[in-house]
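Visitor: Pasting a structure below so you can have a look.
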Amino acid sequence: MAAAAGVSPTTVSHVLNNRGRIAEETRDRVLEAARELGYQANVHAQQLVTRRSRIIAIQMPDLGLAQGPALPHSAYFLELINGAAAVADSLRYALVVLPSGGKSSILNGFAIDGAIIVDPQGDEQVFRSDVPMVTIGVALHRTRNVLTVDNDHADAARQVMDHFAGHGRHRPALLTDTTQRSYVNDVLAGYRNWIAEHEATESVVAVDSLNRADLDHAIVELSGVGADAVYASSDDLALALLDAAARAGVRVPDELAVASAVDSMSLTLTSPQISATNLFPFRTGETAAELLIDRLENGSDADSGRLIPTEFIARASSAGAHAL
């Protein structure tokens, strides 16, 4: 293969194992020679030589909605996984998905090279392992140095409050769950900053679950404080709120504007469609996998991570002026 490509055996090895800095033209020439010769890598032999499995993991957060290990029922997390899987596949890595509550022994037991941890607390068992790690969201409790991929949720919350105000809504409330996750804290901080800057009244309602009784009670609370707009901390919460408003006879958006801090396809299937902040989860998953694999292959640790931009998408649930 080296002779066919006109390069040294070392260069061939570096290209096939995605190591070192190789000129793009040289890399293409080696890969073309590999295709013409029908080359197929012996993965097991590579693992023995490199002492790497070429397997990375992505662990889902504990949302407190199920006992024991579980995967969240959310399109956002599926898109994170798809983004990470696309990058892993393109760089010849396998991606395994770990549910919340996973044990750190899994990482060592399956010879996983590195891990992506989604919405971490920082005290999960996985942080006790010594594998390289990237987090999506900032760990609330810093137990080790890791690269982080995140969104500016506080700024996104301020943009939504401005949107509400631009449509005549001056008593916005925040609806959250009770899980302790960094992004919810960031949304709360952004909301509170906006409230303070505009000398408005703060109204934060937290629910323990998505069941009917909790959301019906939340609607009563929101009505009691005179809220004319609500920013929900998740797409599932926004959907549940829309149902609760309908049961209570509260018209959306005429009497109550609704927006979600997380966008998903399900928010476009409702009547009215629900406004939301697009966090670009596929890109987030891609970026996390790229950072992790770069660290694995090049020892890169030059910065603290990446900030993924957000985009607010206004839909019918927050459009129009408030009906006085």
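The values are calculated or read from the model by the stated rules, or taken from the named source; none is laboratory data. Computed from a prediction, not measured in an experiment: that's the story for all the values here. We place every Cβ from the backbone using ideal geometry, glycine too, and count neighbours over all the protein chains shown.
Visitor: Test of understanding: among Leu279, Leu222, which residue is closer than 30 Å to Val134 by Cβ, crowded, with 21+ Cβ neighbours inside 10 Å and either in contact (Cβ under 8 Å) with a residue 40 or more places away in the chain or outside the structural domain of Val118 (by TED's automatic domain parsing) (or both)?
Guide: Being closer than 30 Å to Val134 by Cβ, crowded, with 21+ Cβ neighbours inside 10 Å and either in contact (Cβ under 8 Å) with a residue 40 or more places away in the chain or outside the structural domain of Val118 (by TED's automatic domain parsing) (or both) holds for just one of Leu279, Leu222, which is Leu279.
Visitor: While we're looking at this one, here's another question. Scan the stretch 167-187 for residues that are at pLDDT below 95 and in a helix (DSSP H, G or I) and report the count.
Guide: 5
Visitor: Out of the stretch 205-219, which residues are touching a residue at least 12 places away in the same chain (Cβ under 8 Å) and out of contact with any strand residue (DSSP E or B) (no Cβ under 7 Å at 6 or more places or on another chain)?
Guide: Asp208, Ser209, Leu210, Arg212, Asp216, Ile219
Visitor: Please go through the stretch 113-133 and give me each residue that is buried (at least 22 other Cβ atoms within 10 Å of the Cβ) and in a loop (DSSP other than H, G, I, E, B), ordered by number.
Guide: If the condition is that a residue be buried (at least 22 other Cβ atoms within 10 Å of the Cβ) and in a loop (DSSP other than H, G, I, E, B), then Asp113, Asp119, Pro120 are the ones that fit.
Visitor: Considering only residues that are modelled with pLDDT of 95 or more and outside any strand (DSSP E or B), look in the stretch 202-211 and name the one that is farthest from Ala75 (Cα to Cα).
Guide: Step by step, filter the stretch 202-211, then rank; the result is Glu202.
Visitor: Something else about it: Test Arg295 against the stated conditions and say whether it is over 12 Å from the mean Cα position of the chain (by Cα), among the basic types (Lys, Arg), outside any helix (DSSP H, G or I) and crowded, with 16+ Cβ neighbours inside 10 Å.
Guide: Criteria not met by Arg295.
Visitor: Would you please list the contacts, defined by Cβ atoms under 9 Å and residues six or more apart or on different chains, that run from a residue in the stretch 250-269 that is free of Cβ contacts under 8 Å to residues at least 60 places away in the same chain and part of a strand (DSSP E or B) to a residue that is buried (at least 24 other Cβ atoms within 10 Å of the Cβ) and small (Gly, Ala, Ser)?
Guide: Cβ pairs passing all conditions: Ser260/Ala232; Ser260/Ser233; Ser260/Ser234; Ser260/Ala238; Ser260/Ser275; Ser260/Ala276; Ser260/Ser317.
Visitor: Do we find that Val134 is within 15 Å of the chain's Cα centre (by Cα) and either within 24 Å of Phe282 (Cα to Cα) or of a type in the set (Ser, Thr, Tyr) (or both) in this structure?
Guide: Yes, satisfied.
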